[in-house]
Each structure stands twice: as C-alpha cells, then as structure tokens.
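What follows draws every value from the coordinates through simple rules; no lab data is involved. The structure displayed is predicted, hence computed values, not measured ones. Don't worry about glycine lacking a Cβ; one is built from the backbone with ideal geometry, like all the others, and counts go over all protein chains shown.
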Amino acid sequence: MAAFLELQSREWRPPGLRDPEGGLFGCALTSSAPAFTFVADEEDEDCEHLLTLSTVSLGAGAVDECNVVEVVGRDCDDQEIAVPVANLKLSCQPSLSLDGFTLQPPITFRLAAGSGPVHLAGQHRVVPSTELSDEDESSEEEEIAPIMPAKKQRRRL
C-alpha cells in the first residue's frame, strides 16, 4: 500500500520540482513565557521560508478564562501590526483549527490575554526560490483569450 501511495504522490508533481524541505513547528505560550518569535535561517538566502499553522489549543492546566493569541508581524509600510487569530476558553472553545494559515517569518506569537498554556502547531516549509520563480513565470505566461461575441448567420431566402 505504501508503494502505491508513493507512486500516486509522485504523479501530481510537475517534473523537476523537489519536495519542500522543513519540518513540524510547535510552541507553547504561557504567562511566564507569553511570546515566541519564529525567525528563519539567514543562511538560506535562495530559499523562502513559510510557516503554516494548523491548530491552536489550550494545554493541560488551563483555567476557564479567555486566552487571546496574536500574530505580530510587519505590514507593507514596515510598521508592526498585531492581529488576534484565536480566542480560546476551556468551557466553550478549547481548540481551533486554522487549516493552513500561512505566514512568512519573522513572526511573533503573543499571548495577549489569559495565562495559557496555549499550544500552536503547524509546519515549517523551506521552498527554493527557483521553484517559486518558475511557478510565477508560468502563471504570467498563461493569458486568457477574450470572449468574442458569436457571429450571426444570415438566413438565406
């Protein structure tokens, strides 16, 4: 069965593309450590780092209070911006699925309210920039032809 799945997974990839490297990501936010900053390796200048969050959940020992998790990053004007992404409470919403919420480091996760512990889980991917530029070029080359009105045929008498 594993060989079949391996064969199937190879078929949908365009030829010549490598699998993105990276690994699993996880961190915990508590009252004693309310922030965590994810920074990519600066040695990988020819790669793009992507952090995809999948779940945010309360950990063991959490009390029934609102725990607000913020993502702190930079906007297009290079100003710091904080966006709340989760509001968890043990009695009504102890976990949240973010289903592929992708961020580009450096990024800081901050416990804006509550005492936690709040666990964040996801995947860190390292994608070579050559793969990204090939995808961008192919999407630019594809142009959609304009839709032209149909020509009316004249009836012959």
* **Residue-span extension gain [Ser32 to Val83] - 0.36 nm each, minus C-alpha spacing** => 16.2 nm
* To do: Provide the packing ranking of 91-99, 50-58, 28-36, i.e. peptides ordered by the mean count of other C-beta atoms within 10 Å per residue, highest first.
  => 50-58, 28-36, 91-99
* Starting from the Cα of Lys151, step 7 Å along the direction of its Cβ; do the same at Cys92; then give the gap between the two resulting points in nm. => 6.6 nm
